[in-house]
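Structure, as structure tokens:
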Amino acid sequence: MKLYSITTMILMCATLGACAQAPKIIAHRGAWKNTQAPQNSIASLQKAIEQGVWGSEFDVHLTKDNTLVVCHDQDFYGIDIATATYEELLTKTHPNGEKIPTAEAYLREGLKQKNTRLIFEIKSNKLGVDRTLEATEMCYKLVKKLKAEKEIVFIAFSYPACLKLRELDAKVKIQYLNGDKTPEQLKQDRIYGLDYNAGVLKKNTQYVEQAKKLGIKTNVWTVNTEEDMQYFIQQGVDYITTDQPELLKQILKK
Ligand code: MG
């Protein structure tokens, strides 16, 4: 009987991935969708922290006058970030009254606690790869200055940015976003994490298992429906990045 139970359990684990560790939740651009906080605002970060998610993601751009600011789009309410000064950006506000956060202010807020990690996306700069690499170096120096290496995971669409980070630091955590590198290629370049679009991982169903064998972390974005959440839980990804952290939390509790 005992043997039967163990065999059944092993079979269940094999078929359902039931023994795999549950994925960790990353709130995409903070927790904003169900909280009314603007995306990438300090308020959305605070909401994510209040929810106790594993990580909270945010996007960082470089202004013309070398200030790192937190915003997803290339523009902040109509002002083009790459070609504007920080002062110019301060003329606009989020609907909750916040100004555009600097990356430093955002990190300092996040670092008041240790429970929720900060998932730091370095945005590609529209002025070209050289400017993206300058931004990358500045982002890294900022994290270093705040002694925050352990609380941060860097993510980027720019592969040169990922390689630059690895050149700057052998240990810092980096996940590549663009979906066009195999787990083997990432391993070769010592990029020990992939953070791919859900469609890429559904098309390349072997990636998660391959990555696991190679010691590469797997993260998927942006997973917002219950059906997709269940799919990636079964796939055994390490992290799920979502606009709906509340929903994913509920599903993982079941
Ligand atoms: Mg992002």
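Nothing in this text is a laboratory measurement; each read-out follows from the coordinates by a stated rule. Predicted model only: the values in this text are computed from it and were never measured. FYI the Cβ positions are ideal-geometry reconstructions off the backbone, even for glycines, and counts take in every protein chain you see.
The phi-based Karplus calculation (6.51 cos²θ - 1.76 cosθ + 1.60; θ = phi - 60°) puts the 3J(HN,Hα) values of the stretch 83-92 at 10, 10, 8, 4, 4, 4, 5, 6, 6, 10 Hz, whole numbers, x for Gly and Pro.
The phi torsions of the stretch 56-62, fed into the Karplus equation with coefficients 6.51, -1.76 and 1.60 and a -60° offset, translate into couplings of 10, 8, 8, 10, 10, 10, 10 Hz, rounded to whole numbers, with Gly and Pro shown as x. Overall, the ratio between the Cα radius of gyration of the chain and 2.2 N^0.38 Å, rounded to two decimals, is 1.05. Calculate for the chain the 222 nm mean residue ellipticity that helices alone would give, adding -39,500 (n - 2.57) per DSSP H run of length 4 or more and normalising by residue count, nearest 500 deg cm²/dmol. One gets -11500 deg cm²/dmol as the mean residue ellipticity at 222 nm.
Can you tell which of Ala170, Ala82, Ala105 shows the greatest fluctuation in a Gaussian network model of the chain with Cα springs below 10 Å? Taking springs between Cα atoms under 10 Å, the residue moving most is Ala170. Just checking the listed ones, Glu151, Glu87, Glu57: in the Gaussian network model of the chain with Cα springs under 10 Å, the one fluctuating most is Glu87.
Converting phi to 3J(HN,Hα) with the Karplus coefficients 6.51, -1.76 and 1.60 and the offset θ = phi - 60°, the stretch 174-182 yields 9, 10, 8, 9, 7, x, 9, 10, 6 Hz in sequence order, with x at every glycine or proline.
Using modelled amide H (1.01 Å from N, peptide plane; none on Pro or chain starts), what sits under 5 Å from the amide H of Asp80, excluding residues fewer than 5 places away? Under 5 Å from the amide H of Asp80 lies no amide H from a residue far enough along the sequence or on another chain.
Round to the nearest 0.05 the FRET efficiency obtained for Glu184 and Asn34 when R0 = 30 Å and r is the Cβ-Cβ distance.
Rounded to the nearest 0.05, the efficiency is 0.20.
The percentage of C-alpha pairs in the stretch 21-164 whose separation is greater than 19 Å is 48%. Over the stretch 67-111, calculate the relative contact order: mean separation of alpha carbon pairs under 8 Å at least 6 apart, over the residue count, as a percent. So the answer I get is 43 percent. Largest GNM mean-square fluctuation across Lys187, Lys64, Lys145, computed for the chain with C-alpha springs under 10 Å, falls on Lys145. Pairs exceeding 30 Å between alpha-carbon atoms, taken from Lys47/Lys213; Lys24/Lys112; Lys145/Lys254; Lys171/Lys254; Lys126/Lys253; Lys92/Lys123: Lys47/Lys213; Lys145/Lys254; Lys171/Lys254; Lys126/Lys253.
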